Amino acid sequence: MSELAKTVAKKRPEFRNINAFKDLPSYRWPLASMVSGMHRASGAIMVLLMPFIIWMFDTSVSSEISFSRFTSAFSAGLGFVPGWFVKLVALGLIWAYLHHFIAGLRHVWMETTHTVSKESGFKSALLTLVLSLSLSAVLGAKLFGFY
């Protein structure tokens, strides 16, 4: 290789200045990116808890005896799992479904109206969080017997 070719084919610079342990914990995520991450997490929660969802549906609609077993799981528990933990898992599923549904509507709205800006992203993310958390709180209060 000639000297001219060596000078032309310079090595590209490498930027390795991101340290995951040092930089990522101090990074401030925008609200829209947190809602997007929570949208993915809620989808993963629903997929991972699909056997529990199928068990709840099957037990609740099979017969009157299985329905009474279903309702007793929320008060007495399932085997070694206490009833409050079953309610907590059900509340997690309620939140996951509501958040995933509302965030999905947010994405459909942004795609159909083509309104993607920092301001609209922040406002729609805030609305998504407020709606999903407030509806989860109302349904959680009903689940835990506060009203």
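The numbers here are math on the coordinates, done by the rules we state, and not lab data. Everything numeric in this text was worked out from a predicted model, so none of it was measured. We place every Cβ from the backbone using ideal geometry, glycine too, and count neighbours over all the protein chains shown.
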Helix 83-113: inclination vs the chain longest Cα principal axis, degrees, rounded to 10, gives 50 degrees
Degrees, to the nearest 10: 118-143 long Cα axis against longest axis of the chain: 20 degrees
Cα centroid of the stretch 24-43 to Cα centroid of the stretch 47-65, whole Å: 31 Å
Applied in sequence order to the stretch 36-51, the curve 6.51 cos²θ - 1.76 cosθ + 1.60 (Karplus, θ = phi - 60°) yields integer Hz couplings, x standing for Gly and Pro, of 5, x, 5, 4, 5, 5, 5, x, 5, 4, 5, 5, 5, 8, 4, x
From the backbone phi of the stretch 64-76, what are the Karplus-calculated ³J(HN,Hα) couplings (6.51 cos²θ - 1.76 cosθ + 1.60, θ = phi - 60°) in whole Hz, Gly and Pro given as x? 5, 5, 5, 5, 5, 5, 4, 5, 6, 5, 7, 9, 9
Would you list Ser124, Ser26, Ser33 from fewest to most Cβ contacts within 10 Å? Ser26, Ser33, Ser124
List the residues, sorted by chain then number, that are 5 or more residues from Gly77 or on another chain and whose placed amide H is less than 5 Å from its amide H. Gly83
Can you sort His99, His39, His107, His114 so the residue with the fewest Cβ neighbours within 10 Å comes first? His114, His107, His39, His99
Specify which labelled value, from (1) 1.02; (2) 0.93; (3) 1.25, agrees with Rg/Rh (Cα atoms, Kirkwood Rh) derived from the coordinates of the model shown. (3)
Spin-label pair Asn17/Trp55, simplified geometry with 7 Å Cα→Cβ offset, distance in nm: 5.1 nm
Please compute the length gained on full extension between Leu24 and Arg69, using 0.36 nm multiplied by the number of residues separating them and subtracting their Cα-Cα distance. 11.6 nm
Charged-residue dipole, Cβ positions (Lys, Arg, Asp, Glu), the stretch 39-143 about Cα centre, Debye nearest 20: 240 debye
